[in-house]
Amino acid sequence: MPTLVIIGRPNVGKSTLFNRLIGKKVALVANEPGITRDYRIENFTYSNNIFDLIDTAGIENSSKSKISKLVKISSEKAISKADGILFMVDARKNLTSDDIFLSDLVRKSGKKIILIANKCETMSLAFGSTEFYSLGLGEPLPISSEHNKGMDVLLEKINQLFNDSSINKKQPITREDIVRISILGRPNSGKSTLTNYFLNETRQIVAEEAGITRDSISFPFLWEKVDYEIWDTAGLRKRAKVNDFIERLASKSSLNAVKQSNISILMIDSLVGFDRQDANIANFIEDTGRPFVVAVNKWDLVKDKNILKKEIKEKTLSFLPQLGNIPIINISAKSGKGVGQLMIKINDLVKLNNIRVQTNKLNKFLEKTEIYHPHPNQNGREVKLKYITQITTNPPSFLLFSNRPSSVLDSYKRYLINNLRKEFDLEGIPLKINVRSSKNPYTNL
């Protein structure tokens, strides 16, 4: 299928147009430049024709910062992947040196180009229209991506840009059985480096400074001839330290990525260690019902590995006692060492999170538990646990029937969960127990 890339300087509305064309808000949008850094690919359909669309970071050729240079390289890679270019300018402002530089860049690419003048809320090009023609990219198309104006004309122009032989008529296949993995962690723990290793290319921008990744982006990749999807996310700092609006948006996007995935990788920088913020991230993942693996990155740089291994194990047990023995894999995202072991553990946990325990085995377990450790009486009244059954998977959730459900202690539910893990080998996945008042359905049989 044809691939289109949206190119322009910062804050001309590229991500807004991207979201508009694909029909969902996936790219972060805010009223300040430089939100997008890594390019993102999604597809959209128009007139039964399918197109891949790439959103890119705004290129500032005039800027000499390291980030701007890395962004420029990333966007140039996106141009090389594309068959056509949607080149955007801001209709409300005069052309800048960056606009002129980019017009030369896209012209030299030899790709098909549509010049778009965005932010034309009145659909008028009176301001700056002569300048836009001077770019030598044809007649500018006035649109307002924010207010959905001019989109029909743009879609028709895109459709006409390619002949029928280059357009894929088939609908893209959505694979529900693909394992989707999100990577979460504090800033600069190596999330983007691991993503690049999985993709076998420098796809995500990586630098020594923290906070490079801002948006959560998913990528398909192949591992041992099996299809997967990886979500790279922005680093998560303690909430008290997050004052910047963009960082709040990025944090929200990171947490939403967990809900899109089957399992998460909690990345730990081995040179920093495991602390309370890592535990906060782990608790959020658990609340969504997703299992996770702790990946201790930069393991090759650790001098005393035995001491650090013991320290991280003790801290996970101390901070996250409700999760039991959390799987911990030591890796080097840069070299790939330990990543194979990480993928084996991921597949094991995904299968385990979908396990279903037979009801008769659960009730034998409950009977044995009540004999050795019965629920304490509440206000002198006996609390009986009558029956237990599994109601859902992913995560495994259980329904416990009691004569006094409101009296069942949270501490006793945690006790049951811990023993369920041991009894049925459910270590490493979240388990949930709900309590209801009801008669045992088998009482009268």
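Please treat every number below as a calculation from the coordinates, not as lab data. Quantities reported herein were computed from a predicted structural model and do not represent experimental measurements. Cβ sites come from the backbone with ideal geometry, for glycine too, and all protein chains shown count toward neighbours.
Quick notes
- The HN-Hα couplings worked out from phi for the stretch 267-274 by the Karplus form 6.51 cos²θ - 1.76 cosθ + 1.60 (θ = phi - 60°) are 7, 10, 7, 4, 7, 10, x, 9 Hz, whole numbers, x standing for Gly and Pro.
- Taking amide H positions as modeled 1.01 Å from N, with prolines and chain starts lacking one, the residues under 5 Å from Arg404 and 5 or more places away or on another chain are Lys384.
- Amide proton proximity set for Tyr387, modelled H, under 5 Å, gap of 5+: Phe401
- Per-residue Cβ neighbour rank within 10 angstrom, fewest leading, Met88, Met1: Met1, Met88
- Using the Cβ-Cβ distance between Lys305 and Lys368 with R0 set to 60 Å, the FRET efficiency works out to roughly 0.90.
- Taking a point 7 Å from the Cα of Arg276 along the Cα-to-Cβ direction, the residues of the stretch 301-331 with backbone N closer than 14 Å to it are 319-320.
- Each residue of the stretch 321-335 is assigned a 3J(HN,Hα), and the resulting list reads x, 5, 9, x, 7, 6, x, 10, 10, 8, 9, 10, 5, 6, 8 Hz, derived from the Karplus form 6.51 cos²θ - 1.76 cosθ + 1.60 (θ = phi - 60°), x at Gly and Pro.
- Residues whose amide H lies under 5 Å from that of Ile263, counting only those 5 or more places away or on a different chain, are Arg180, Ser182; hydrogens are built 1.01 Å from N in the peptide plane.
- Across the stretch 132-142, computed HN-Hα scalar couplings (Karplus, 6.51 cos²θ - 1.76 cosθ + 1.60, θ = phi - 60°) run 4, 5, 5, 5, x, 10, x, 6, x, 9, x Hz from first to last residue, x flagging Gly and Pro.
- Additional length obtainable on full extension of the chain from Asp177 to Ile355, 0.36 nm per residue less Cα span: 62.5 nm
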